[in-house]
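K.L.:
The following block contains the structure, expressed as structure tokens.
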Amino acid sequence: MGQGSIIGYDLSEEGCQISYYNEAQHEPETVKNESGEYQIPLVIGCKNDAWYIGEEARSHAKHKDGAMATDLLAKSMHGAKIHLGRRTYDAVWLLAKFIRLTLQQFDKIDSIVFCVPEMSPDIARMLRGIGQRMGIERKKIHVQDYKESYCYFMFYQPKELWQYESALFYCDKRQIKAYMLSQIAAGAKLKKQTFVTVDEVASAQMEELKAVYPVLNVEQAKMADFRFQKFIESVFEKKIVSSVFLMGEGFENNWYPNSLKVLCNGRRAFLGNNLYSKGACYTAYQRGQEELMKEQEGPVYLDESKLKEQISIQLRQHGKEEWYPLVPWGRHWYEGDGQWEVLLEDTDDIEIKVESLLTGTSRIERVQVNELPKRAKYTIRLQVEVLFVEENVCKILFKDVGFGEFFPATDFVREHTIYLGGRNEQFDTM
């Protein structure tokens, strides 16, 4: 992967922010616009068949010499049409145009992770489709929410910053939200694996915030500081917090000196607005490493939408028998599809192991393959395809694809359905 080929793309109604993996520095670097800011406003405009985005599009529209489209993300999700100049466009086409223009400085994109405020299968499908139309391989395009981006950002920070719990406070003009990153207590069999979750633990509407953004009202800011301090104390009650991150435009004015003292008492605090795009970039980097090593490395992020089961088949790699995860836990079910090829030993069945993180149990399911032609070991090549038909139902297809010129493919196809459960169960934090 070359310089700038691994991308984290933060996308919201306000705008986008792009971080790319800097191979020399071994960490993400965030792109700045002409004003030295990280964010590009999510607007697109045209004038005389020329396209403009961000502040440039706003400027043309302000001077009445160009048309401009806004609310691209919401309108794309609703399949809306947008009138721009003398033409009408699909909103998703304009969103794709915006994304392409923001990424035109990158000659080649090997992998990209879009992060959005909230995840859904529909937004994941739409953004993966946009990525594919840009020429990026489908398996190299991923979508995650802000909580997961925060989690992956923390995975690449010094361990002492999330040795216990880590907190993120997000503040805008109206409210403050608090998120807590915690490790999940796993069963004895999984002690070597670290599982992590991020939960929204509190939120508060604060009228006083209107007095601190964008121009600071000193007297009213004191009340906002007092209320924020009490909010922090309620969030941290009976918790050991290693680090704190402050995100959002509401923290730009220094209106919270007393609250900051509470935040920094025995822990490290950080202020910034590019954590989500960097976290997405770290996810893109880690997915690439997992593909190279053919195994899942490092901590695993879980939330209520992620798979709590892992589906594996037994393989021999480098002379060693091991369980290879076809569907690792911590993935969304709608991102669980995949395809592999394996060479089969002399066997009448294939074992599939299904492990549950929530119950700590596992089961073995067997697929009969005794109808395959009898050949020497490792001369039968099977295509293994995983396909999720719905959230709890996974189909695995085994198909004989032949062995080069020596053995042509037969019509052997075996389909096995695996039923998963436990999506509504709860896991315990440590």
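The values are calculated or read from the model by the stated rules, or taken from the named source; none is laboratory data. Because the structure is predicted, anything quoted here is derived from the model rather than measured. Don't worry about glycine lacking a Cβ; one is built from the backbone with ideal geometry, like all the others, and counts go over all protein chains shown. These area figures cover heavy atoms from the full protein model, side chains too; ligands, DNA and RNA do not enter into them. Shrake-Rupley method; radii C 1.70, N 1.55, O 1.52, S 1.80 Å.
K.L.:
Give the number of residues within the range 25-43 that are part of a strand (DSSP E or B) and polar (S, T, N, Q).
P.N.:
Kept after step one, since they are part of a strand (DSSP E or B), are these residues of the range 25-43: 27-30, 40-41.
Then drop every residue that is not polar (S, T, N, Q), which leaves 30.
Count: 1.
K.L.:
For the range 328-387, what are the residues that are at positive phi and open to solvent by 30 Å² or more (accessible area, probe 1.4 Å)?
P.N.:
G360, Y378
K.L.:
Please note which strands (runs of 3 or more DSSP E) are completely contained in the range 118-201 and include at least 2 residues that are over 16 Å from S242 (Cβ atoms), touching a residue at least 40 places away in the same chain (Cβ under 8 Å) and open to solvent by less than 40 Å² (accessible area, probe 1.4 Å).
P.N.:
Values: elements: 141-145, 165-171, 175-184.
Because the criterion is at least 2 residues that are over 16 Å from S242 (Cβ atoms), touching a residue at least 40 places away in the same chain (Cβ under 8 Å) and open to solvent by less than 40 Å² (accessible area, probe 1.4 Å), the strands (runs of 3 or more DSSP E) in the range 118-201 that meet it are 141-145, 175-184.
K.L.:
Regarding S242, is this residue under 20 Å from E200 (Cβ atoms), at pLDDT 90 or above, open to solvent by less than 70 Å² (accessible area, probe 1.4 Å) and not aliphatic (A, V, I, L, M)?
P.N.:
Numbers: under 20 Å from E200 (Cβ atoms): yes; at pLDDT 90 or above: yes; open to solvent by less than 70 Å² (accessible area, probe 1.4 Å): yes; not aliphatic (A, V, I, L, M): yes.
So S242 fits the description; yes.
K.L.:
Determine whether S59 is within 25 Å of the chain's Cα centre (by Cα) and open to solvent by less than 70 Å² (accessible area, probe 1.4 Å).
P.N.:
Values: within 25 Å of the chain's Cα centre (by Cα): no; open to solvent by less than 70 Å² (accessible area, probe 1.4 Å): yes.
When the stated conditions are applied, S59 does not pass them.
K.L.:
Determine, yes or no, whether F114 is in contact (Cβ under 8 Å) with a residue 24 or more places away in the chain, aromatic (F, W, Y) and in a strand (DSSP E or B). So that I can check it myself, show each step before the final result.
P.N.:
Details: in contact (Cβ under 8 Å) with a residue 24 or more places away in the chain: yes; aromatic (F, W, Y): yes; in a strand (DSSP E or B): yes.
Criteria met by F114.
K.L.:
Within the range 388-408, which residues are under 18 Å from D348 (Cα atoms) and open to solvent by less than 60 Å² (accessible area, probe 1.4 Å)? Reasoning before the result, please.
P.N.:
Restricting attention to the range 388-408, the residues satisfying the condition of being under 18 Å from D348 (Cα atoms) are 396-402.
Those that are under 18 Å from D348 (Cα atoms) and open to solvent by less than 60 Å² (accessible area, probe 1.4 Å): I396, L397, F398, D400, V401, G402.
Here is a yes/no grid of residues against (1) touching a strand residue (DSSP E or B) at 6+ places or on another chain (Cβ under 6 Å); (2) at pLDDT below 90:
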site	(1), (2)
I7	yes, no
L11	yes, no
C16	yes, no
Y21	yes, no
E34	no, yes
Q39	yes, no
G66	yes, yes
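K.L.:
Within the range 70-80, can one find any residue that is of a type outside the set (G, A, S) and part of a strand (DSSP E or B)?
P.N.:
Step one: of the range 70-80, the residues of a type outside the set (G, A, S) are 70-73, 75, 77-78.
Filter once more, keeping what is part of a strand (DSSP E or B): none.
There is no residue in the range 70-80 that is of a type outside the set (G, A, S) and part of a strand (DSSP E or B).
K.L.:
Looking at the range 335-346, I want the residues that are under 15 Å from F412 (Cα atoms) and have a partner that is part of a strand (DSSP E or B) and of a type in the set (G, A, S) with Cβ atoms under 7 Å, at least 6 apart or on another chain. Which pairs are those?
P.N.:
none
K.L.:
Is it true that K64 is over 30 Å from F155 (Cα atoms), open to solvent by 40 Å² or more (accessible area, probe 1.4 Å), in contact with a Leu (Cβ under 9 Å, 6 or more places away or on another chain) and without any contact (Cβ under 8 Å) to a residue 24 or more places away in the chain? Working first, answer last.
P.N.:
Working: over 30 Å from F155 (Cα atoms): yes; open to solvent by 40 Å² or more (accessible area, probe 1.4 Å): yes; in contact with a Leu (Cβ under 9 Å, 6 or more places away or on another chain): no; without any contact (Cβ under 8 Å) to a residue 24 or more places away in the chain: yes.
Taking the combined requirement at face value, the residue does not satisfy it.
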